[in-house]
Amino acid sequence: IARRQRQMCIRDRQQAKQIGIFIKDNNIPIDRVISSEWCRCKETAIIAFNKYETKSFLNSFFSAKFASNKNKQIYDLKKYINEWNGDNNLVLVTHYVTIQEVLNITSSSGELIIADKNFNILARQNF
């Protein structure tokens, strides 16, 4: 799978670095960083936050090959967030299709979207 995934370009890496700087400069406390298992998301997480764990419910389901996973992934994602009880922020590094399905918005590459546990959008920032 990894050889078929689109790799990050220089601009993508710069955006990931800028997100990490933004979080640090604004003293935003992070409890956990969770990433899709796909290469671009993992690379974004390591550049921006220097740590992450993966969860399959954040994987893309855009292609026909993975479309059948969509309902279970969204269910598992919502369940995970509903059960989240950390004192600080939970960061999810995922794909636009997942964001669109859960938040009902379109997103851009390198965009930070802040939402509450009820999936209400609080803020958006492009890098």
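Which order do Y96, Y52, Y80, Y75 take when ranked by solvent-accessible area (1.4 Å probe, heavy atoms of all protein chains), largest first?
Largest accessible area first, the list is Y75, Y96, Y52, Y80.
Amide H of L92: which non-local residues (sequence gap of 5 or more, or other chain) have their own amide H closer than 5 Å, using H built in the peptide plane?
Placed amide hydrogens put I34 under 5 Å from L92.
Hey, how much of the P(r) for the range 30-76 falls beyond 11 Å, as a percent of Cα pairs?
66 percent
GNM, the chain, Cα, under 10 Å: largest mean-square fluctuation among F66, F49, F22?
It is F66.
So what is the orientation-averaged projected area of the range 8-47, using the convex hull of its C-alpha atoms, in nm²?
Numbers: hull surface 11.1 nm².
Result: a mean projected hull area of 2.8 nm².
Would you mind getting the accessible area per residue of the chain, heavy atoms of the protein chains only, 1.4 Å probe, in Å²?
Normalised by residue count, the accessible surface of the chain is 64 Å².
Helix-only estimate, please: 222 nm mean residue ellipticity of the chain, summing -39500 (n - 2.57) across DSSP H runs of length 4 or more and dividing by its residues, to the nearest 500.
Result for the chain: -12000 deg cm²/dmol, rounded to the nearest 500.
Just reorder L77, L92, L103 by solvent-accessible area, largest first, 1.4 Å probe, all chains present.
L92, L103, L77
Debye calculation, C-alpha points only, no solvent: report log10 I(q)/I(0) for the range 88-127 at q = 0.26 Å⁻¹, in the same order as the q values.
The calculated log intensity ratios at q = 0.26 Å⁻¹ are -0.99.
Computed over the Cα atoms of the chain, what is the ratio Rg over Rh, Rh following Kirkwood?
When Rh is taken as the Kirkwood radius, the ratio is 0.93.
Quick query: amide H of A115 versus all other amide H atoms, modeled in the peptide plane; which residues come in under 5 Å with a sequence gap of 5 or more or a different chain?
L122
Considering the Cα positions of the range 55-96, please state its Rg to one decimal place and its Dmax as a whole number of Å.
Spelled out, the Cα radius of gyration and Dmax of the range 55-96 are 11.6, 38 Å.
Computed over the Cα atoms of the range 1-72, what is the convex hull's projected area averaged over all directions, in nm²? Each step should come with its number before you reach the end.
Details: hull surface 22.5 nm².
The orientation-averaged projected area of the Cα hull of the range 1-72 comes to 5.6 nm².
Principal axis lengths of the range 56-127 from Cα atoms, whole Å, largest first?
The Cα atoms of the range 56-127 stretch 35, 29, 17 Å along their principal axes.
Could you give each residue of the range 35-47 its phi-based ³J(HN,Hα) in whole Hz, using Karplus coefficients 6.51, -1.76, 1.60 with θ = phi - 60°, and x for Gly or Pro?
Couplings: 10, 4, 7, 7, 3, 4, 5, 5, 5, 4, 4, 6, 5 Hz.
The values are calculated or read from the model by the stated rules, or taken from the named source; none is laboratory data. A quick note: this is a predicted structure, and the numbers were derived from the prediction, not measured. Surface accessibility is based on the protein's heavy atoms, side chains included, excluding ligands, DNA and RNA. Shrake-Rupley method; radii C 1.70, N 1.55, O 1.52, S 1.80 Å.
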